[in-house]
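Below: the structure, in structure tokens.
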Amino acid sequence: MIYTVLSLFPELIHAFFSLSILGKAVHQGMVGYRSVNIRDFAGDKHKTCDDAPYGGGPGMLMMAEPIGRALASLGICGKRAEPAAEEPQARVIYLSPSGRPLTQELAKELAAEPELILLCGRYEGMDQRIIDRYVDDEISIGDYVLSSGEAAALVLIDATYRLIEAVISPASLEEESFSGGLLEYPQYTRPEIYGNLKVPEVLLSGHHENIRRWRLRKRIEKTLALRPDLILQGEETGLFDRETRTIIAELRKSGGG
Ligand code: SAM
């Protein structure tokens with residue numbers, strides 16, 4: 001997977017790709033990364049990339065031409081242009097509060113792409129013609145407005161790179177929050193007693209089946225308490241196995257959900 005990030009502030013992105021697990025994945029060649037400074041494609045000596053919106057209104061808008069030229073430098077021709085013979089197999093994403101929500105499901109889908117080109121907005125966003133001509137998906141990281149697309153791009157990168165094969169062990173992803181429609185179970189590490197709080201006995205027992213059952217029950221309890229919408233969704237889509245359905249019913253009966 002290659003991430004290509006188009007931004008007015010590419011230095012915000014660099015550090016992220018050099019540290020921790022992502023840094024290691026880049027080092028080992030599992031993840032590629034390049035950044036493109038949109039300002040390098042401005043058309044005047046002042047490197048202007050924004051202008052006032054037609055029709056008036058507050059704020060400035062990112063101009064179409066520098067972004068279009070930056071995309072052209074990557075071989076991206078746009079939907080209405082004749083596709084170039086060597087056009088890269090890349091999905092062009094504009095991070096935007098108007099986009100479809102980023103979920104774990106969408107993150108999985110994106111992680112399977114060969115290349116993501118991420119357009120980071122600033123100011124009031126960008127000229128609609130860039131979206132119409134080049135963008136395959138508008139993606140939002142939540143129902144709130146950030147001042148920059150860079151922060152949103154980092155969230156999308158973080159949610160997707162860890163799902164790329166071999167970056168993280170599949171076992172670590174198996175029972176994470178949202179897998180199988182449930183949140184993750186509570187976890188503990190040393191010391192065994194912290195203040196007056198003790199690690200649950202079952203986790204010290206070494207009894208694998210009891211630990212598995214305890215963890216499943218805790219996942220369900222937690223999801224019923226914190227995200228009952230996920231339980232309803234799992235029930236509607238037939239996601240849960242018999243054991244999970246039985247525990248949900250028991251917890252509901254006992255007032256635990
Ligand atoms: N005027 C725009 C609106 O009302 O929808 C908001 C523009 S925002 C101040 C500047 C940039 O931040 C956007 O172009 C987008 O790239 C990014 N951004 C803001 N909120 C976002 C969100 N929830 N998800 C993804 N990107 C977001």
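The values are calculated or read from the model by the stated rules, or taken from the named source; none is laboratory data. Given the structure is predicted, the values throughout are model-derived calculations rather than measurements. So basically every Cβ, Gly included, is an ideal-geometry build from the backbone, and we count neighbours across all protein chains shown. Note: accessible area is taken over every heavy atom of the protein model, side chains too, but ligands, DNA and RNA are not part of it. Shrake-Rupley method; radii C 1.70, N 1.55, O 1.52, S 1.80 Å.
Spin-label pair residue 21-residue 77: with each label point 7 Å from Cα along the Cα-Cβ axis, the two points sit 3.9 nm from one another. If you sort the three axes of the alpha carbon gyration tensor as a ≥ b ≥ c, you get a/c of 1.5 or more for the range 210-250 and a/b no higher than b/c, which makes it oblate. Can you say what percent of the DSSP beta bridges in the chain, counting only those with both residues inside, are antiparallel? Round to 5. Close to 15 percent. Full extension of the chain between residue 178 and residue 213 gives 10.8 nm of extra length, using 0.36 nm per residue less the Cα-Cα distance.
Distances between placed amide hydrogens fall under 5 Å for residue 50 paired with 63, all partners being 5 or more residues away or on another chain.
The dipole here belongs to the chain: it is taken about the Cα centre, uses +1 on the Cβ of Lys and Arg and -1 on the Cβ of Asp and Glu, and is about 740 debye. Considering only alpha-carbon pairs that sit under 8 angstrom and 6 or more positions apart, the relative contact order computed for the range 169-249 is 34 percent. In this structure residue 129 has an accessible area near 150 Å², from a 1.4 Å probe over the protein heavy atoms.
Working from Cα pairs under 8 Å separated by at least six residues, relative contact order for the chain is 17 percent. The stretch between residue 115 and residue 44 holds 22.5 nm of extra length on full extension. This uses 0.36 nm per residue minus the Cα-Cα distance.
Atom-type composition of the exposed protein surface of the chain places 53 percent of the accessible area on carbon and sulfur (1.4 angstrom probe).
Remark: the range 95-242 carries a charge dipole of roughly 760 debye about the Cα centre, counting +1 on each Lys and Arg Cβ and -1 on each Asp and Glu Cβ. Computed from label points 7 Å out along Cα-Cβ, the spacing between residue 137 and residue 250 is 3.8 nm.
With the Cα gyration tensor of the chain giving a ≥ b ≥ c as the square roots of its eigenvalues, does the rule (a/c under 1.5 for rounded; else a/b larger than b/c for prolate; else oblate) give rounded, prolate or oblate? The shape class here is prolate.
Residue ranking by accessible heavy-atom surface, 1.4 Å probe, largest first, among 137, 158 comes out as 158, 137. Shown here for the range 1-99: chymotrypsin sites (Phe, Trp or Tyr not before Pro) in loop regions (DSSP other than H, G, I, E, B) with at most 12 other Cβ atoms within 10 Å, namely 54.
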